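The values are calculated or read from the model by the stated rules, or taken from the named source; none is laboratory data. Everything numeric in this text was worked out from a predicted model, so none of it was measured. Positions of Cβ are backbone-derived with ideal geometry, glycine not excepted, and every protein chain shown enters the neighbour counts.
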Amino acid sequence: MNNFRILILSCLVFCASACRKYVEIPPEQVRALKYTTDYQALLNYGQTIEPGYSYPIYMADDFGVEDETWYTRLTLSAQVNSYIWAEKIYTSAEDDTDWASFYKQINIFNTVATGVEGSEGGTDVQKKTIQASALVHRAYAYFTLVNMYGKQYDGATAATDPGVPLLLSPSLFASLDRAPVKQVYDQVKTDLLNAMPYLPDVATYNVNPSKLAVYALMARVCLNTREFTEAERYANLALSLKNGLLDLNNYLAATPVLPLKLANPEEMFFKRAGLFISNIPLNPSAVNLYDPKDLRYVVFTKDGSAILGTNFTVGRGLFRQRLNTEGIYIGPSVPEMLLIKAECQARAGNIANAMDAVNTLRKKRFKPAEYYDLTASTANAALHVVIDERGREFMGRGYRWFDQRRLVKDAGFINTVTRRFKGVTYTLEPTSNRYIFPIPDKYILQNPELTQNPR
């Protein structure tokens, strides 16, 4: 058995019902999965279930400043290699923390999805709901993986473009061949739609899956596949269930405290960055998107020298993750659904509707006396307004990296990105293969069926 299979399979496999056929007595000090509540407990462990991606944050063009002090504080080689879009992110001896985290999660979700129906002590309704929850979590994991390690979805080539290994059961001997991008996307949609009938409209706690989470994730998926009519439909369905916005006028105190994840009216399905990045330097060109009166600029950013414990001394930094103490929120939200709706309206030529959706959000981001509507005279101008608003709303959260990938297909939106690091200039062309993360060398050495992305 190779090490990659060990990595993606947790000890839970050895406790699953399929293995108990061959072991009459469970191992001591190991809890066998027997009761329905055991499977629910696997989905309740936030330390494992909540984390999403980390390194797309470093690669996005809204991240980073030219500061020699900050350069020396990037102590992890993966941080540096991601920041400069290096050929390799990890050495042949290192694990890829994003890849490993997602496949660990997927093994748990597969264990739950395939095992809960045969568990004891629960009703059929409870088992179906738990199974459905596992499918939603799995869909999120695969959607993120294929958008990191596979090519951007292209209807003309997605059926043959290599994606990621698609493991749907906790088998030790599942194929590790990379499924095509389209097959991964199809599985994501299938999981979400199969889960929907068994979920509540809105979960009691936003860390749990719900129809709301399904609608929001489907809006993301369809935006990436350029099914804009469907993306807007799902965004509207999500907004019909939840549409609250934080009014940043309520957070202008010297030391504002944002609502924690469970109390945040904007969060639809809570996910957070895998690493807690306490100090996020913002690229000056990204900071320039803000009107200085924009309360996102006022509340969520500070001069690097003014952020307590910062590791950079020049430029502006994101402060938001320090105000909620729970890291960087990267799950779908009300602002995201409004901006998906706005983008789809702009693409359809409905300029007024697109601007209405953008301005609905912006009204909560300015003092009333300083607020002004954004306008556009053409559909293309409206689309630019929407994309800029996404930049302001999601600054420093990695969203921009995924937008850079998908917007390459729209002329005039993504240019060559340039950054300097320790005196060397690095560039990223819009069509560069560096927009796809490399498959970790360690896993390819252990599993020859895994093929590397062109660099």
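Tally up the residues in region 245-278 that are farther than 30 Å from LEU76 by Cα and either assigned to a helix (DSSP H, G or I) or among the β-branched types (Val, Ile, Thr) (or both), please.
Selection size over region 245-278: 8.
What about TRP85, is it assigned to a helix (DSSP H, G or I), touching a residue at least 24 places away in the same chain (Cβ under 8 Å) and not basic (Lys, Arg)? Show your work before the answer.
Numbers: assigned to a helix (DSSP H, G or I): no; touching a residue at least 24 places away in the same chain (Cβ under 8 Å): yes; not basic (Lys, Arg): yes.
For TRP85, the condition - assigned to a helix (DSSP H, G or I), touching a residue at least 24 places away in the same chain (Cβ under 8 Å) and not basic (Lys, Arg) - is not met.
If the requirement is being more than 20 Å from VAL299 (Cβ to Cβ) and at pLDDT 95 or above, which of these qualifies: PHE366, PHE402, PHE394, PHE421?
Matching residue, one of PHE366, PHE402, PHE394, PHE421: PHE402.
List every residue pair whose Cβ atoms lie under 7 Å apart, where the two residues are 6 or more positions apart in sequence or sit on different chains, the first residue falls within region 401-416 and is farther than 15 Å from LEU145 by Cα, and the second residue, located anywhere, is at pLDDT below 95 and loosely packed, with under 14 Cβ neighbours inside 10 Å.
Every condition considered, the pairs that remain are VAL408/THR431.
Among the residues of region 334-393, what is the count of those that are among the aliphatic types (A, V, I, L, M) and surrounded by fewer than 18 Cβ atoms within 10 Å (Cβ to Cβ)?
6
Of all residues in region 91-111, how many are surrounded by fewer than 22 Cβ atoms within 10 Å (Cβ to Cβ) and assigned to a loop (DSSP other than H, G, I, E, B)?
Adding up the residues that qualify gives 5.
Tell me, please, whether a residue that is over 19 Å from ALA213 (Cα atoms) and in a loop (DSSP other than H, G, I, E, B) can be found in region 378-393. Outline the logic, then answer.
Let us first name the residues in region 378-393 that are over 19 Å from ALA213 (Cα atoms), namely 378-393.
Then keep just the ones that are in a loop (DSSP other than H, G, I, E, B); that gives 378.
For region 378-393, residues over 19 Å from ALA213 (Cα atoms) and in a loop (DSSP other than H, G, I, E, B): present.
Could you please give the count of residues in region 313-353 that are of a type in the set (Ser, Thr, Tyr) and within 13 Å of VAL386 (Cβ to Cβ)?
The total comes to 0.
Does at least one position in region 234-244 carry a residue that is more than 13 Å from LYS341 (Cα to Cα) and more than 20 Å from the chain's Cα centre (by Cα)?
So far as region 234-244 goes, yes, one or more of its residues are more than 13 Å from LYS341 (Cα to Cα) and more than 20 Å from the chain's Cα centre (by Cα).
Among the residues of region 190-203, is there at least one that is buried (at least 24 other Cβ atoms within 10 Å of the Cβ), in contact (Cβ under 8 Å) with a residue 24 or more places away in the chain and closer than 30 Å to ASN447 by Cα?
Step one: of region 190-203, the residues buried (at least 24 other Cβ atoms within 10 Å of the Cβ) are 191-192, 195.
So of that shortlist, the ones also in contact (Cβ under 8 Å) with a residue 24 or more places away in the chain come out as 191-192, 195.
With closer than 30 Å to ASN447 by Cα added as a condition, the list becomes 191-192.
Yes, region 190-203 contains a residue that is buried (at least 24 other Cβ atoms within 10 Å of the Cβ), in contact (Cβ under 8 Å) with a residue 24 or more places away in the chain and closer than 30 Å to ASN447 by Cα.
Just give me the residues in region 29-59 being of a type in the set (Ser, Thr, Tyr), touching a helix residue (DSSP H, G or I) at 6+ places or on another chain (Cβ under 6 Å) and not in a loop (DSSP other than H, G, I, E, B), in sequence order.
Scanning region 29-59 gives THR36, TYR39, TYR58.
Determine whether region 428-446 contains at least one residue that is without any contact (Cβ under 8 Å) to a residue 24 or more places away in the chain, buried (at least 16 other Cβ atoms within 10 Å of the Cβ) and farther than 27 Å from VAL221 by Cβ.
yes
Only one residue in GLY398, GLY412 is under 25 Å from VAL65 (Cα atoms), crowded, with 16+ Cβ neighbours inside 10 Å and in contact with a helix residue (DSSP H, G or I) (Cβ under 9 Å, 6 or more places away or on another chain). Which one?
GLY398
Filter the helices (runs of 4 or more DSSP H) completely within region 131-242 down to those with at least 1 residues that are in contact with a Leu (Cβ under 8 Å, 6 or more places away or on another chain) and within 20 Å of GLN40 (Cβ to Cβ).
Numbers: elements: 181-195, 211-224, 228-241.
Output list reads 181-195, 211-224.
Quickly run through region 190-220 and pick out the residues that are under 19 Å from the mean Cα position of the chain (by Cα) and small (Gly, Ala, Ser).
Hits for region 190-220 are SER210, ALA213, ALA216, ALA219.
Would you point out which residue out of ALA235, ALA219, ALA213 is within 25 Å of LYS127 (Cα to Cα), of a type in the set (Gly, Ala, Ser) and at pLDDT 95 or above?
ALA213
Is at least one residue of region 131-140 farther than 22 Å from VAL181 by Cβ, without any contact (Cβ under 8 Å) to a residue 24 or more places away in the chain and more than 19 Å from the chain's Cα centre (by Cα)? Quick ask: steps written out before the conclusion?
Quick first cut of region 131-140, residues farther than 22 Å from VAL181 by Cβ only: 131-134.
Still in the running and without any contact (Cβ under 8 Å) to a residue 24 or more places away in the chain: none.
Looking for residues that are farther than 22 Å from VAL181 by Cβ, without any contact (Cβ under 8 Å) to a residue 24 or more places away in the chain and more than 19 Å from the chain's Cα centre (by Cα), one finds none in region 131-140, hence no.
Which one of these is surrounded by fewer than 21 Cβ atoms within 10 Å (Cβ to Cβ) and within 18 Å of the chain's Cα centre (by Cα): GLN187, GLN183, GLN126?
Residue meeting the stated conditions: GLN187.
Looking at GLU449, is it surrounded by 14 or more Cβ atoms within 10 Å (Cβ to Cβ) and not small (Gly, Ala, Ser)?
no
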